[in-house]
Amino acid sequence: QLTTCEAMAGDPQEQSADGCSPVSVDAALKLVEGEQNEAKVLGATLLLRHHNKLLLNVKGYSERSRLRVALGAHFLCRLLQSSVPLQRLALGLMAVLLAGTEEEAQQAALGLLEVVPFLVACASKSEISESQAEFWGPEEFCETLGLLKRLLDLLPPTEAKSLVQGCEEVLALLLPSQKCATFLAKEEVATGALGLTELLFARDLNGEENPDKDLSALLETVILEPCFRGTSCQTAALQLLASRRPSMQRLDEVISCSLGSGATAQRALLQLSAGLLAARGTQMRPNNKAEGLSRLKTLLVLAAGELRMALEGYGSKEGLAAACMLLEEALVALGKEAETLEAGNLEEVSECLLELHRALRDIFDYCADLPVTTAAPEELAMVARVVAAFQLEDPQRFSSEFLRSIETFCSLEAAEFKVLLPSLQELQDWHCTRAFAKVLEVARWGLEHGFEPEGQEVWRQCAMMLAEVALDAAVYLPDVFIPEPDEETSDQAVVVSGSAPPEFVLACSILSGIRLPRPVPAADANHQGAQRLSRWSRRLWWAGQHSAIRKNGDGSDCRHLWELTLLSASLLTSVPCETVQKEWPAEGADMWSALAGCILSETEVEATTGRLAVRLAGFSLDRHQAWPQALVRVAHERKRYAVSKSIERLLEKLSSDDEWEVADRAAFKALQAFLAASVQLRSPSQAGYPTALEAMD
């Protein structure tokens, strides 16, 4: 039969340039399409001699289509239940059937799902022996891993549940004490196992915090395998573990092995350790408190050394990134466990802190040597995260170094600088540095990225920081470094009227008898700092009106209006009324109306926001004519002549120890007195800004 079939395959002299004869492939396919099993097996065997053509996407399409019709999953299952040579034939046929375009291969994969249990059964019988006549060896096992990976890659998650179980069963065969454990020492088997494990992790089928224990044990085995030390297999296994943060049983062995396996493995170890610190604290694995800090000190020594080498130009960016990840997570973990650690071995804690301090000194030295005029290098964004984490835990230790480095950090992009906001807020007189201008820029970034939760949080933090500074009696903002806004919203100015409106006159008379500890206004309406504050207020208000936060529809719109109004109006506290009227467009009346609506609204508000709003409202009554006008108008519309009860309740809880208690109570008293007196103004005048129709005239 073999001789006859080879004769049907044609003369080798008639083969085409690519080495494949269409006649020979066609003849083999005719045998496969026959009804006799012997002919099918013979045809399939001859057909695989032309696998180079069958695996091509275009040239092999028609042949693969005929093969799929002729060979069903049932026939492949029978082959896998037969002798080892026929099982090898089934592996080759499956590889051909899963070749081709994505759509073509997906259809084939759905039809081959029922073959998976038989494939797993064959793999479970694999073992090392001198004769491969009865058992599978590493080569067949590696092919099985490749086929399972291909199937898992092609099938959607809803169709792959049984396949996932089969993949895990096959990978479990490589664990220590299993019959195929010796296969893992083969590089091709280890590579195939890592590829399949990575795909299982990427599907997130086991949950991030609780991956299959067998998979974690398999990765640990690859890391500890002596023949893989310092190789890409060990690094890949470390990186896979880092992506899952598993509960490792051989953590100390993994650390010891990786430390002596070269720079690449050490970087992957730092990434893995950073993930374990974030998930499980300084112990890094459950029920292992004895050696937690000593293990952490070893890793901190490695991270500090890697950081210094990279900052001096002798290391890599990948190594620096891994070192910064570990240092940041170590700082956070030590801060969270501070009370517990105080009752333990303080000597080990001190040794860990010494390594962290060494790393911080290297970072600040790097910042001091970095030219401010140049664009921020990638390394600066990485070390900024470490500095931010340390300053939050210990603001005083390196406060002077941090203050000197702020100008360097201000060269970062807004998205990179935002990590420094919490630590910056803890720094005394931070507004006297260039950080004030940078926070304005970051606030605008937060508005532009308001569709993301992170953008909303950054915006809110900037708004609170800037408003607190703008309302501080000890701060004179016009003299602070403030750049020009990069965009203008309108060139339309407001014509200043000659006489003061009655609402403003009433406000001035009431506040003359109340002592308000508030910032001093600029004496010159043309003061450059005051003009820039007014433009920034206008720029942020306009950006906030078009912000993605207002389009979320998740209930954040009301809170956003409070924060936007608070920031935009508070920047005008030290700006003369004449400057605002010249710089702001007609839409400025909307801001004051929004502030009035917030003050009179019964909507519950966060304590910090409510108190700042009251402080702002009281401070501004006799400084900006449009504000008392808007407040009276909104009060008449709502027939409400008192500050909302929700804000009043916030002020009732203030204690005499509160730094802003005097200012908030005085501002509240001024507001209440003005609203009570405004009842007599039966016909409130129009706001100090013209309407859109008047502006056209």
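The values are calculated or read from the model by the stated rules, or taken from the named source; none is laboratory data. Small disclaimer: the values here were computed from a predicted structure and weren't measured. Glycine gets a Cβ as well: all are built from the backbone with ideal geometry, and neighbour counts include every protein chain shown. When the accessible area is computed, the model is the full protein with side chains, heavy atoms only, and any ligands, DNA or RNA have been set aside. Shrake-Rupley method; radii C 1.70, N 1.55, O 1.52, S 1.80 Å.
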- For the chain, the charge dipole (Cβ of Lys, Arg +1; Cβ of Asp, Glu -1; about the Cα centre) points to a positive end, and the Cα of Leu174, Ser568, Gln396 closest to that extreme belongs to Ser568
- Note on the structure: Taking only protein heavy atoms and a 1.4 Å probe, the highest-to-lowest accessible-area order of Lys653, Lys125 is Lys653, Lys125
- Cα gyration tensor shape for the range 391-456, rounded if a/c is under 1.5, else prolate or oblate: prolate
- Message: For q values of 0.06, 0.07 Å⁻¹, compute log₁₀ I(q)/I(0) with the Debye formula on a Cα-only model of the chain, without solvent.
- Response: -0.57, -0.70
- Straight distance only, please: which lysines reach the Cα of Lys186 with their own Cα at less than 27 Å, same-chain residues fewer than 8 apart left out? Lys125, Lys149, Lys213
- Message: On alpha carbon coordinates alone, what is the Rg over Rh value for the range 440-486, Rh being the Kirkwood radius?
- Response: 1.05
- Note on the structure: Heavy-atom accessible area of Thr158, protein chains in place, probe 1.4 angstrom, given in Å² to nearest 10, is 110
- Query: Can you work out the base-10 log of I(q)/I(0) for the range 576-632 at q = 0.21, 0.30 1/Å, using the Debye formula on its C-alpha atoms alone?
  - Reply: -0.82, -1.28
- Message: Which of the three applies to the range 278-360, rounded, prolate or oblate, going by the alpha-carbon gyration tensor with a ≥ b ≥ c and a/c under 1.5 meaning rounded?
- Response: prolate
- Query: lysines within cross-link reach of Lys653: Cα-Cα under 21 Å, excluding same-chain residues under 8 positions apart?
  - Reply: Lys645, Lys669
- Note on the structure: Summed over the other residues with a beta carbon less than 11 angstrom from that of Ala376, with K and R at +1 and D and E at -1, the charge totals -4
- In Å, what is the Rg of the alpha-carbon atoms in the range 34-84, and how long is Dmax? 11.7, 33
- Message: Report the Cα centroid-to-centroid distance between the range 212-261 and the range 558-577 in angstrom, as an integer.
- Response: 54
- How are the C-alpha pair distances of the range 589-664 spread across 10 Å bins, as whole percents from the shortest bin up? 19, 51, 26, 4
- Hey, what do the phi angles of the range 169-175 turn into as Karplus ³J(HN,Hα) couplings, whole Hz, using 6.51/-1.76/1.60 and θ = phi - 60°, x for Gly and Pro? 5, 5, 5, 5, 5, 8, 5
- Query: Angle between the Cα long axis of helix 378-393 and the longest principal axis of the chain, 0 to 90 degrees, nearest 10?
  - Reply: 60
- Item | Links that overshoot a 31 Å alpha carbon limit, given the list Lys53/Lys179; Lys317/Lys438; Lys438/Lys639 | Lys53/Lys179; Lys438/Lys639
- Please give the per residue accessible area of the chain, computed with a probe of 1.4 Å over protein heavy atoms only, in Å². 45
- Message: Rounded to the nearest percent, how much of the accessible area of the chain (1.4 Å probe, protein heavy atoms only) is carbon and sulfur?
- Response: 50
- the chain: angle of helix 292-311 to the longest principal axis, Cα-based, in degrees nearest 10: 80
- Message: Can you compute the helix-only [θ] at 222 nm over the chain? Use -39500 (n - 2.57) per DSSP H run of at least 4 residues, normalise by all residues, nearest 500 deg cm²/dmol.
- Response: -19500 deg cm²/dmol
